[in-house]
Structures are given as structure tokens and as C-alpha cells.
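The values are calculated or read from the model by the stated rules, or taken from the named source; none is laboratory data. As the structure is a computational prediction, the values presented were derived from the model and not from experiment. Cβ atoms come from the backbone with ideal geometry, glycine included; neighbour counts cover every protein chain shown. The accessibility values were calculated without ligands, DNA or RNA, using every heavy atom of the protein model including side chains. Shrake-Rupley method; radii C 1.70, N 1.55, O 1.52, S 1.80 Å.
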Amino acid sequence: MTREEFEAAYGFELDPFQRRALDAIDAGRSVLVAAPTGSGKTVVAEYAVAKALATGAKAFYTTPLKALSNQKFGDLVRRHGPERVGLLTGDNSINGDAPVVVMTTEVLRNMIYAGSSALDGLRYVILDEVHYLQDRYRGPVWEEVIIHAPPTIDLVCLSATVSNAEEVAEWIETVRGTTTAVIEERRPVDLHHLYLVGDRHSEQLHLLPTFVEARPNPEAARLESSSSRASHPRGRSRTRLYTPRRTEVVERLNEEAMLPAIYFIFSRAACDDAARQCLDAGLRLTSEDERAQVRAIVESRVETLSDDDLRVLGYGRWLAGLEAGVAAHHAGMVPPFKEAVEACFAAGLVKVVFATETLALGINMPARTVVVEKLSKFTGERHEFLTPGEYTQLTGRAGRRGIDEVGYAIVLWSPFVPFDQVAALASRRTYALASSFRPTYNMAANLVRRYPPDVAHHLLNLSFAQYGADRDVVRLEAQLERNTQLLAVARREVTCERGDVEEYRRLLREVEDAAPRPASVRSQVAEALERVRPGDILLLPGGKSGGRVVVLSTAHRGGGEMKLGVLTEGRRYLTLTTRNFPARPRTIGHIELPTPYAPRNPAFQRAVADAMGRTGTPGGPPTAREARPRTKRDHQVQALVDGLESHPVASCPELRRHLRAADRAERLEREIVRLERRVRSRTESLARQFDRVLRVLEAWGYVDGWALTEAGEELASLYHECDLLVAESVSAGLLDELDPAAVAGLASTFTYETRGPGGGPQPWFPSGKVRRRWTELERLARELNLAEDEAGLPLTRPPDAGFFALAYSWAAGDDLADVIADEDISGGDFVRNVKQLIDLLRQLGDVAPEPATAKAARDAADRLFRGVVAASSVVGGD
């Protein structure tokens, strides 16, 4: 296909920036295209694909997301035919020897390090969404590909609009040779910024332009200033203005012909609530014919899921929302549900999607209007204001090329954000791309394997991170100052008038370390729970929910295990099983439950909490039926427990707050030490950091001089955030002589990370043997962290057993309802965690030196890949 034929096939005249990019490809140059969302960057990528096919060469199209890879695979198959296009992701391997292969960026990185023969004949690599290189966890992969790809390959890099695109292109040119930067700042569809305000003095919402003649709208400023508090009957007052309700916003958008819309809310639960609110309010945005089309699309996406799975996932309510034209979209949904929402939205059937910011990252779902409910989001530790780059990324979805003359970006009024701040954010266009590159253990092993020392050090110094190393010091100093202030606040919160909180924490850790939980104890716990009755008051150990709880209900879950529904002193409802109790629970009191019996009713729970508050907590020795022979270790543990319970701080009503503050202070102290070390070494090159990584690898037996040991060869094939810890666990035999379900459970401790503040429930293990392996794994992780801290390296994330029971049950063949029904995890999170676990297990199946262990890992991966997980890995059709 000639260039003239390629351009003629589109049926419209290419934009000047697209032609400049095609000229660069024709001239044999790499190219970086930085342009707004929806401007047509993919035309450049498609030209590279067509040019490769026309010359008998190969082209690889890489994306940061499996879902985006699936979408791009479908596009290219429709354009070039299924025999010429392949797909390689962690979930799918389709026609991998094709001349055009779509893959995640990690797959290409692994190919390059392995020296794969698939690279033979490769002419072009498209790096889609290359601005991902600043992603904290996955960003370094883009830099590794750019640095290490064979020199005969030209790169086509596609990026969102960034303010330092020329700098990025200059860096690529130093690494790869001549590179052209093609920058387009003009949006293909004009964007109108609007401000939506609720007014109790008006029957309608105020929908105001944010700018008038390129200046902040004075009418919006006057409206805000007139919102002084007005008197209200009974002596109260309230503001005149209010944040518009979600149903009001949708109704107004419908009246103004501004649908379809993406409504960004930075909370999964709030997205689900918003869809329910619209459904409950009777909003119906679809015709009868459209509802039939929705059902057809949905049925094609969920046909592989069983009725029981659909029931657990809330299928009926979700489908009703889709048929009404409203839906949620977030990472907590299972992929078939998300893909159905995307397909219905793309077909114009769903009119409003309530989405978290992940929808703005890659998936092609343009809309006429984008609504941003709040200009701040919770990062897991604090609320932070949106950056101009984040705002631009979100609003970039507004305006469909060839359909809409303009797109609309609407921000809702908030009492916490003045209008001038909204206007300032909407007017700024600064979005500089920064590097997150750093040498990892796996990267170091591959550099040792592939290059001599001088070349390896030189390649590291070619990274984009080295470009901006000196500029980082200002950010580090600011972060150091913030952490120092936070530490002072935390230390004040630790102080308790009743005694030394740190001493209490030390005793608490000694009790936790000294209290084993063999299988015999588990059976004793199960036996004790069988005797528990509603109204009994138990003492729940540890965790943010520790303390007295009253039993509201008892039931048996799958496998005959007892399940308790309990209420904490803080009026929080929990579901408990044997794994929540490290030792036999004791009934320390009893109350009569109110009538009528309604354990999930808020009024009933308030009455129960009040009754528990009026009840003492008698202790006393175990009853005769609980008595058993006590060992020397039992007496030692009991002495520690007695010391803990008699400590003056134990009776403090604010104890949990003090303990949380102490944990926070400890984390901040460690972080401050690391920041100070980084500031001191700000002029240090990445090559020097690489040398420190090598010293750890040499001390741990993975490198000998400038050569990999046998363990080092295994490490070079492990691509994971916890690469060295995983490799060390394999070398130590922690996965040996375990059945596939136990291997899956133990491997999950590397892939899972508990969300939100505080720890999860007490981990459950199927046997004393597996618990001992977990204890040994925790010891290994502590030793590695000590070595990293001493070497001045970032600490490897510790293993987390919060997903062990779910991974074990799913690998053992339990139904989805039995696995997640009583767990605080969404279907989407479950599927995502299982997929990550499968990827690691398949790697372990390749690298484990013990054949039986390798087989158990592969068997575990196969057992996990079923039901909703397998259905979530299917490449969707039209």
C-alpha cells in the first residue's frame, strides 16, 4: 500500500500534524506524537503498521492496558484481517507469529530481555500512551523498551499533550538516533468549560460558562459572593447555593441535549450509588428498541457466566440500570460487565456512565459531555486537588470527532472550592512528563546477563530519569518538610496521659509473635464458635476493629464453617469466621437483643450498641468445658497477655487512635530517613544506584562478580514488583511440597495488597505447615528490607496474606458465591487479583527448579483460570 492509497482509504483529509508524523516515518526516523485525546494520533500508528505489511516486515503495537490491547486488536483485525494480526497479553495468546502483534508493553520488554526470535524482522514498535512512563509502578517498562530495543527498530510514540514533549523527543534521539517531535495542541472538537450551581432561590440549576471572552465569568463570581448565609426558621441557617444532586445533573443534561456524558466520581462505591440513584428516581433515557439492543449486547458478554455467578455479582440490578441508559464503570467491576458498559456506551445506548478516573486512561469512550463532580480525590492517605494534567486527561473525553461541534466540560459547585480556583484549573495547560525509572533487581540481573559492565552503566545513564535528576531535589525537600510536619502531628496523637503507648505496642507485638495458630487451635476456635449464640459479647483481638463485639447472628458458610454477624463498639457490622480468631474466643458477657429481631436494621443496631455500652466485661478463668492441658508455652503467652491487659494504657478509650498514630509515626520516621538519604545523594547517577542493587544481589547469592548464579538466572525471568523476594522464596523452598491450592494461596501474598487504612482480618491457613511457610516468608521479607535499608534502596513491599483464603478456595474449586459472598471485595477486584496471581504462577511454573513445585504452580494457574476469571479474559467481539 502506497502512502497515497493509505490516506485515500480514510475518506477525509489528514491534519497537518498527522502528515508531519507520516513524513518522519517515511524518512526512517522515530517519532513522538503528542496531541489531545481524540485528535487522531492512531492514524500515525496505523500508517507504521501498513508500511510494515507493505514491505514484508513486522510491527508490534504495545499498550499499557490489557483492555486497550483487546480493543486495538479488534480494530486491526477489522482493518487487516485475522490472519495478519496477533494478540499477546497475560490472558490471551492469539496468532503470536503474525506480522502485526498487539501486546502489553511488559510483554515486549520481556521479549527484548530474553532475546526472543520474535524480534527478527521487526521494523516498527508503536508505544501507545507513552506518557505512562511516569507511572510509579509500571512506568519504567517504557524506558526499558526505548533504551534496550534493537537499533534497527523505529519507534512511534503516542502521548497525551505534555508541556515538555520536545525534551522527551530529545531524550529519545540520544538513545535511538534521529527522532521527530510532532506536537498538536489544538483539539479536534472545541471544548466549552461550564460551571453548574444549585440555587435554593431558583427553580433551575445555573449552567454558566466558566469563561467569558477568555476571562473568568463575572456572573459566576457574583453568584458565589451572593451566597451569604440567610436566616432560616428555628434559628438555623444554611447556604443559598448547593452542590447539584446527581439526578438533577442528568435531567438537566438531557434537557440541554448534552448527552451522552461521562460523570467522573473518584469513588467506586459512589459510582454504583449514583447509578442506583438514577434508577430509583425513575430516570429512563432509552427507548424500547434501545433497551432490546442493550439486552442483546449484555447477553453476548455474560453468556459464559453461570446464573449463580450473575446472582452474586448483582446482575439483575446492573442490567436494569443499563436498560434505563445509566451505568457505573470502575475497576471493581468484573471485565464482562465493564466491556458491556463500554459496548453499550460506544453504540449510543447508555447515555450516562458514572466512572472513576481509570476510564480516562486509554479506553476509547468519547462523550459529548464530561462532568467532574469534585476537583479533589483521596489518594489513600489524603485528599489532593486535581493537577492540570489530570483535569485535561478527564475532560479530553468531551466532544466526539465528526459527531459533535463542541464538547462540554462541567464542574459542579462546591462549598470547599471557590470559583476562581475552578477557572484557574480549567485555564492551565501545563502537564510535564516526569520519569519514574529506577534499577530493579530483575533489570539488574538482565543487564548483567546481556551486557558488559561499562555498557550496562552507560545504558542506565541514558534513561530519561537521568535527565531530570537534579530537578528532583526541590520536590524531595518539599516532601521532606511535609513529612516532618506530619510526624510532629502523629507524635502528639501518640501521647497518652495513662502511660507509655510505645511500651504497650512492644508488648502487643510480643503477644502476636508468641501466639502460634496450629491446626489444633483452629479446630478449638471452630468448636467454640459453634457454642456462640446471638447476644453473646466476645473480645475480638487486634486490627482496627479489635475490642468488644456483640453477636447478632450465626450461620454456616460453605464447607460447614461457622459465620458470625457481629457489631463492634463503634457500631460497625462485621462478618467473622475462624480466621478472625488466633485463639479460642471467650464469651465475656451477654445482652438480650431488642425485638423485633432485625440484625441489619440501623435502629436495631443502635439499640444493641447502647445495651453493650451499659454492660460490663466480666473476665474470669475459662469454664470447665473450655479447659485443656496448658503447656509451658501457654503460660508464657498468658503472662504476656496478662501484662498487656494490665498495662495502664489498655483502659484508655482512645487506645486505637494512639496505636494508629504510633504506626503512622513509625512509617513517617522511616520515610524521612529515606528522603534525607536521597537528598544527600541527589547528584548520584542511576548507575551508582545500580551498583547498590548489585551489592545486595551479590550478598544474597544472585550475582558472582559480573555473572549470574543459577538463582540469578531464575531472577532474570521473574517480572514482578517483589521480584527478589519471590526468587528468594523459591530458592528457600517455601513453595515446595505443597498442593496447588496452597501454592496459589502463598503466591497470592506477593500479588495482593490490602486497600485502605489499617490491616485486614487475621489471615487463615489450611495447615500448620503452610502457616510455618508464611512465618518464614515474613522473616525473609524483614531480612530483605533490612538489607535494602542499609544499602539505601527502596524497600520491597512486604507480603500480604489478605487474599490467601480466597485464592486457596478458588483454586480448590469452590463456587464464587462461597468464595466472595462474605468478603469485603468486589467481583472486579477478585478477578483482577486472580489474574495477577495467575501471571505470577505461570512464571513460577517456568523458573522453579524443583519439577514438582513447577508443576504445582502451573496446575494452580490452570485451576484459577475458570468461571468468572476465564470469562473475563475473553476478547470481546463487535
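Could you please state, rounded to a whole Å, how far the C-alpha centre of segment 35-85 is from the C-alpha centre of segment 202-217?
If we compute the Cα centre of each part, the gap is 41 Å.
Of all DSSP beta bridges in the chain, what percent run antiparallel (nearest 5)?
If we restrict to bridges inside the chain, about 40 percent are antiparallel.
For segment 380-419, take every pair of Cα atoms, bin their distances at 5 Å starting from 0, and report each bin as a whole percent.
Calculated P(r), rounded to whole percents: 5, 17, 19, 22, 17, 10, 6, 3, 1.
For segment 133-281, what % of the accessible area comes from carbon and sulfur atoms, probe 1.4 Å?
45 percent
Give me the aspartates and glutamates in straight-line cross-link reach of Lys769: C-alpha distance below 12 Å, same-chain residues under 8 apart excluded.
Lys769 reaches Asp736, Glu737, Asp739.
If I compute Kirkwood radius over Cα pairs in Å from the structure I just sent, which labelled value in (1) 30.3; (2) 31.1; (3) 37.3 lines up?
(1)
Which of rounded, prolate or oblate describes segment 718-794 when judged by the alpha-carbon gyration tensor and an a/c cut-off of 1.5?
It is oblate, given that a/c is not under 1.5 and a/b is not larger than b/c.
Setting aside same-chain residues fewer than 8 positions from Lys338, which lysines have a Cα under 17 Å from its Cα?
Output for Lys338: Lys66, Lys72, Lys351, Lys835.
Of all chymotrypsin sites (Phe, Trp or Tyr not before Pro) in segment 549-616, which ones are in loop regions per DSSP and have a Cβ with at most 15 other Cβ atoms within 10 Å?
Those satisfying the criteria are Tyr597.
Got a number for carbon plus sulfur as a percent of segment 699-786's accessible area, 1.4 Å probe?
Roughly 49 percent of what the probe reaches on segment 699-786 is carbon or sulfur.
Take the alpha carbon atoms of segment 762-792, find their center, do the same for segment 580-595, and report the distance between the two centers in whole angstrom.
After rounding, the separation between the Cα centres reads 32 Å.
Calculate for the chain the 222 nm mean residue ellipticity that helices alone would give, adding -39,500 (n - 2.57) per DSSP H run of length 4 or more and normalising by residue count, nearest 500 deg cm²/dmol.
That calculation yields -14500 deg cm²/dmol at 222 nm.
At 1.4 Å probe size, with the rest of the protein present, what percent of the exposed accessible area of segment 579-618 is carbon and sulfur atoms?
Answer for segment 579-618: carbon and sulfur cover 52 percent of the accessible area.
For the chain, report the accessible area per residue in Å² (1.4 Å probe, heavy atoms, rounded to an integer).
Here the per-residue accessible area is 45 Å².
With both bridge residues required to lie in segment 218-357, what share of the DSSP beta bridges run antiparallel, to the nearest 5%?
For segment 218-357, the DSSP antiparallel bridge percentage is about 20.
About the Cα centre of the chain, what is the dipole size in debye to 20, counting +1 per Lys and Arg Cβ and -1 per Asp and Glu Cβ, all else neutral?
Charge dipole, the chain, about its Cα centre: 2600 debye, nearest 20.
Given R₀ = 35 Å, FRET efficiency for Asp120-Glu167 by Cβ-Cβ distance, to 0.05?
That gives a FRET efficiency of 0.60.
Which order do peptides 385-396, 196-207 fall in by mean Cβ count within 10 Å, highest first?
385-396, 196-207
Could you give the length gained on full extension between Ala424 and Arg482, defined as 0.36 nm per residue of separation minus the Cα-Cα distance, in nm?
Using 0.36 nm per residue and subtracting the Cα-Cα distance, I get 18.4 nm.
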